[in-house]
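These notes concern the structure reproduced below.
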Amino acid sequence: RLWIAEGFIEERGESTLEEVAEGYLVELVHRNMLQILECNSFGRIRSCKMHDIVRELAIDLSRKESFGIAFQYQNHGVLDKDTRRLAIVKSSNDIFSSINLPHLRSCKIFDETMPSSRILHSLSAKSKYIAVLELRGLPIEKVPDAVGCLFNLRYFGLRHSKVKFLPKSIEKLSNLETLDVFNSYIQELPPGIVKLKNLRHL
């Protein structure tokens, strides 16, 4: 679903985009780029991992080709305003308050210690063209109304977060394809959710 939201998956015959993406995943496994950790009862891949050496090579190539950056303590100087894809592994502060990222298209945050209350406000103000926002497992309790400004958002991940309510402005995300609120505290969705005509996965 992340690949689809990023536009990496091309239509192939009568197969759905999800089926094509799964084919890509299987091909990566066959080429030993990924290693399977777990399959479900139907034999489909549930989880996989990347060998440390392959991962380091992928991160290095991503940076050299300006594809994306894995942000950690030791490479604070690498991040600049032209960054398009960002994965925050570990950060000592709220980098969004000090850096303007107008070209950011994809952001995945894995650091649960980040001041999550300001993340969405900062992104809504400075990265309006973002298409993928993955905040899985972060202790976010509230989604601000400003999220409705992210008109290009296609994937919004709040799985395992502490969010209890979604704002009414969620109905403005007309391009949203995936809204992942699995295992969050949300028990009721706003009525405007029916206006999201492109929503494929909830």
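The values are calculated or read from the model by the stated rules, or taken from the named source; none is laboratory data. Being a predicted model, the structure only gives us computed values, none of them experimental. Glycine gets a Cβ as well: all are built from the backbone with ideal geometry, and neighbour counts include every protein chain shown. For the accessible areas, the whole protein counts, side chains as well, though only heavy atoms, and no ligand, DNA or RNA atoms are used. Shrake-Rupley method; radii C 1.70, N 1.55, O 1.52, S 1.80 Å.
Residues of the stretch 155-172 include at least one that is outside any strand (DSSP E or B), among the polar types (S, T, N, Q) and buried (at least 17 other Cβ atoms within 10 Å of the Cβ). Screening the candidates Ala146, Ala125 for the property of being under 17 Å from Gly192 (Cβ atoms) and in a helix (DSSP H, G or I) yields one hit, Ala146. When Gly137 is tested against (1) at positive phi; (2) open to solvent by 50 Å² or more (accessible area, probe 1.4 Å), exactly one condition is not met: (2).
Hey, can you tell me all the residues within the stretch 1-37 that are farther than 30 Å from Asn175 by Cα, touching a Lys or Arg at 6+ places or on another chain (Cβ under 9 Å) and open to solvent by 90 Å² or more (accessible area, probe 1.4 Å)?
Correct list: Leu37 only.
Among the residues of the stretch 134-152, which ones are at pLDDT below 90 and of a type in the set (Asp, Glu)? The one that is at pLDDT below 90 and of a type in the set (Asp, Glu): Glu141. Residues that are within 17 Å of the chain's Cα centre (by Cα) and among the hydrophobic types (A, V, I, L, M, F, W, C) were ranked within the stretch 173-202; the one that is surrounded by the most Cβ atoms within 10 Å (Cβ to Cβ) is Leu176. Beta carbons closer than 8 Å, at least 6 apart along the sequence or on distinct chains, pair a first residue in the stretch 3-24 that is touching a residue at least 24 places away in the same chain (Cβ under 8 Å) with a second that is assigned to a helix (DSSP H, G or I) for Ile4/Leu17; Ile4/Glu18; Ile4/Ala21.
Considering only residues of the stretch 49-92 that are open to solvent by less than 50 Å² (accessible area, probe 1.4 Å) and assigned to a strand (DSSP E or B), which is modelled with the lowest pLDDT? Looking at residues that are open to solvent by less than 50 Å² (accessible area, probe 1.4 Å) and assigned to a strand (DSSP E or B), I get Phe71. When each of Leu61, Leu37 is tested for being free of Cβ contacts under 8 Å to residues at least 12 places away in the same chain and among the aliphatic types (A, V, I, L, M), the lone residue that passes is Leu61. Scanning the stretch 113-122 for residues that are surrounded by fewer than 18 Cβ atoms within 10 Å (Cβ to Cβ), part of a helix (DSSP H, G or I) and of a type in the set (Ser, Thr, Tyr) returns a single hit, Ser117.
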